[in-house]
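In what follows, a structure is listed as structure tokens, so that the remarks can point back to it.
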Amino acid sequence: MNKNNPIGSANIPSNGIKSDRDLMHAVHMKSSRPTGITGRLAENITKNWLIGLRETNPGILDMFHERDQLPYREMLPWLGEFAGKYITGAYHIYRLTLNPALYDYIISFIEELMECQAEDGYLGVFSRECRLTGSFSQKPYEVEGTWDAWNHYHILYGLLLWYGETKDARYLACAEKTAGLFLEKFYCPASGRKSLLELQSAETNLSPIHVFALLYRLTGKQCYLDFALEIEKDLADKRAGNYIHCALNGIEYYQCPKPRWESLHIILGLAELYRAAGHTSRKEPSDVISDTSLRSLFDAQPGKSACMGQNPPAPAACDTQDQLPGAYYLQTAEQIYRSIRKTDVHNTGAFSTDEQAIGTPFKNGNIETCCVIAYNALAVELFKLTGAVDILDFLELAHYNACMGAWSPTGRWSTYHTPMVGERHANFHDISFQSRAGSPELNCCSVNAPRAVGMLSEWAVTRTETALCINAYEDGEFVTEENVRIRISGGYPAKDTVEIAVENYIGDLALRIPGWSVHTSLAAENIWGRSTPQAAVFSQDTRAVQETAPLSPAPPPAAGSYCRLHCKGSILIRLQLDFTTRYLEGKEAYEGYVSIYRGPILFGTDISLAGGHDLTKLPVLSRKELKNAPSLSEQNEGRIRIPLSCGITLGDFYHLGQSGCRYTTWLQAE
């Protein structure tokens, strides 16, 4: 939040000005105290990684300062992205924690980054002769495919996020100055209409389509939209991915010409072009919360609720959007998201095998953190545009397993590859070839990884035109920029009962019911004329919750939907979710094995939990025992354990193998 502006970014809900085409808007907080497992990790990332990075890895900015000095630094094509990914990840962690020390540190970092901008707007790491040419400084006459446009994309995107946060016009001016350089160099008659494709590496160097579409939304300047549309034309070139044609013809993403993860930033640009295509108001789908005929029964019967129907599966061809301008942009983005989810999301919720889509999630290969982040970012944007509740089930699965699992709980290091079976290695070990003098810990994943955790801030609490939506249930105390107070307790995701208190709010509340919670119960009470008790939300005090309050509303909350309540100022809610043990049946390399889940958590075991068993010869687990085996949680560290009679203990994926020992998430159970 801008310390000089108490309203903060109320009118810039995510990464720009409000879009009429978004069904969901992120609700940003003016006070945030996440006390659950994510909050603890976010604070560790802040103090042990984000703050101090300029000093521990000075090359992150010195590579900009020294770009024209001989001898030139030995660069990789993408090293110039580090600063942009760093400020983007820091933004999301800041939005989650509102840590003032992090705010001050990043603002100082951005100030120095902007000082590195050349007089023509260049904000990269290559020498004057090689600015946006695709050439390395040492070989200015050879186009070897540097990712210079990609590097600028990440920097501009991060600057625009922080512009939305601070309202500092200098950030926007810096981004526009760099955008002006692109306008002069590419698709311009004066420069021979040179295409970004001439830089090579189309998956990366066409990514500015996203930031130019976003600049159009922020400024309304037609030149930015025109530039994005020129890039769109290039997408059909044989050197590019032909994503729109493939998606509109039902071709799976892994079958398209460029199925690597970097392409997803181009697809984010298509989603943004859908916003740019028009400002036609869209009705909220009935499963999102707009039907006034389902007004909460609180008006007549306190303690009961109205629940929306189950979210329908997304149509193959977005038939609800096909009459709107630019509908094919949304159709393309949604088709690609759902194609990947169908064919290439692992049991951890992670996308990619060896850095791309391959058509199966059951093959072993590198599961890169950057791939996870790009796909999750696409999921977040599609949730905002469509309001599809099932996307939240994916985001939650990925958050607690793939995203948090990519981090040491200390927040000191993260991974490049977080396998389903194997060991966790720090990314500066696995991809040490990216380390350079002055930046020994920096690589594409280490600078990006905070974003994986911080993106929770974009979907935890959202709003539509008619309701405030609570989508995530970890413990914490929050105050929105409209002074609505939200307090959540209960120990989720280790425990199945969530207690929610909302104050200073009149209107509809929508509670997300996860698709895996088949049997859910809810009790609630509107509190008229007084504040929520400061003690535990659900105490023995019958003023807080009547002992007779029903735990099974009529109708019961439907899995994979929103359950709506009407709040008349203050409300207390107890939500009991269904933590029945669930199984994912393995295929191909994991035929005959299963993955085990409770709630959003994937369980497995490692050497330290295997009870002396050889990890390659584990006994077959009993599903009957697993049905009733209790989960044990350690409040301080957030570990979740399921001890079994065979001597094996199952543990949550986030903590598996953190000592460096080998682990597995594929087990036999009958």
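General remarks:
- Of residues in the range 640-659 being part of a loop (DSSP other than H, G, I, E, B) and modelled with pLDDT of 95 or more, the one surrounded by the most Cβ atoms within 10 Å (Cβ to Cβ): LEU656
- Condition check for TYR590: within 29 Å of the chain's Cα centre (by Cα), more than 22 Å from PRO409 (Cβ to Cβ), surrounded by 16 or more Cβ atoms within 10 Å (Cβ to Cβ) and not aliphatic (A, V, I, L, M): yes
- Conditions (1) at pLDDT 95 or above; (2) open to solvent by less than 10 Å² (accessible area, probe 1.4 Å); (3) more than 30 Å from VAL421 (Cα to Cα): number failed by GLY599: (3)
- Answer from VAL498, VAL453, VAL447 - the residue that is part of a strand (DSSP E or B) and either β-branched (Val, Ile, Thr) or open to solvent by 10 Å² or more (accessible area, probe 1.4 Å) (or both): VAL498
- As a summary of the residue check, VAL372 satisfies the conditions (1) of a type in the set (A, V, I, L, M); (2) at pLDDT 95 or above; (3) within 23 Å of THR464 (Cβ to Cβ); (4) in contact with a strand residue (DSSP E or B) (Cβ under 7 Å, 6 or more places away or on another chain) except for the one numbered (3).
- Close pairs from the range 199-217: first under 18 Å from CYS174 (Cβ atoms), partner open to solvent by 30 Å² or more (accessible area, probe 1.4 Å) and assigned to a helix (DSSP H, G or I), Cβ under 8 Å, at least 6 apart: LEU215/GLU176; TYR216/GLN222
- Close pairs (7 angstrom Cβ cut-off, 6 or more residues apart or separate chains): at positive phi in the range 134-158, hydroxyl-bearing (Ser, Thr, Tyr) and surrounded by fewer than 21 Cβ atoms within 10 Å (Cβ to Cβ) anywhere: none
- In the range 602-629, the residues that are within 18 Å of ARG582 (Cα to Cα) and at pLDDT below 95: ASN628
- All positions within the range 183-215 that are surrounded by fewer than 23 Cβ atoms within 10 Å (Cβ to Cβ) and part of a helix (DSSP H, G or I): LEU183, GLU184, LYS185, PRO189, ALA190, SER191, LEU197, GLU198, GLU203
- Test result for TYR122, assigned to a helix (DSSP H, G or I) and either aromatic (Phe, Trp, Tyr) or modelled with pLDDT of 95 or more (or both): no
- Cβ separations smaller than 8 Å between residues 6+ apart or across chains give the following pairs from the range 385-403 residues that are farther than 12 Å from ILE601 by Cβ to residues that are among the acidic types (Asp, Glu) and open to solvent by 10 Å² or more (accessible area, probe 1.4 Å): LEU385/ASP22; THR386/GLU334; GLY387/GLU284; GLY387/ASP287; VAL389/ASP287.
- Number of the condition not met by ASP393 [criteria: (1) in contact with a Gly (Cβ under 9 Å, 6 or more places away or on another chain); (2) surrounded by 23 or more Cβ atoms within 10 Å (Cβ to Cβ)]: (2)
- Restricting the range 414-442 to residues that are in a loop (DSSP other than H, G, I, E, B), in contact (Cβ under 8 Å) with a residue 60 or more places away in the chain and farther than 13 Å from ILE367 by Cα, the residue that is least open to solvent (accessible area, probe 1.4 Å): LEU442
- Qualifying residues in the range 330-376 (those that are part of a strand (DSSP E or B) and β-branched (Val, Ile, Thr)) - the one most open to solvent (accessible area, probe 1.4 Å): VAL345
The values are calculated or read from the model by the stated rules, or taken from the named source; none is laboratory data. Not measured: the values here are computed from a predicted model. All Cβ positions, even for glycine, are placed from backbone atoms using ideal geometry, and neighbour counts span all protein chains on display. Side chains are part of the model used for accessible areas, which takes the heavy atoms of the whole protein and leaves out ligands, DNA and RNA. Shrake-Rupley method; radii C 1.70, N 1.55, O 1.52, S 1.80 Å.
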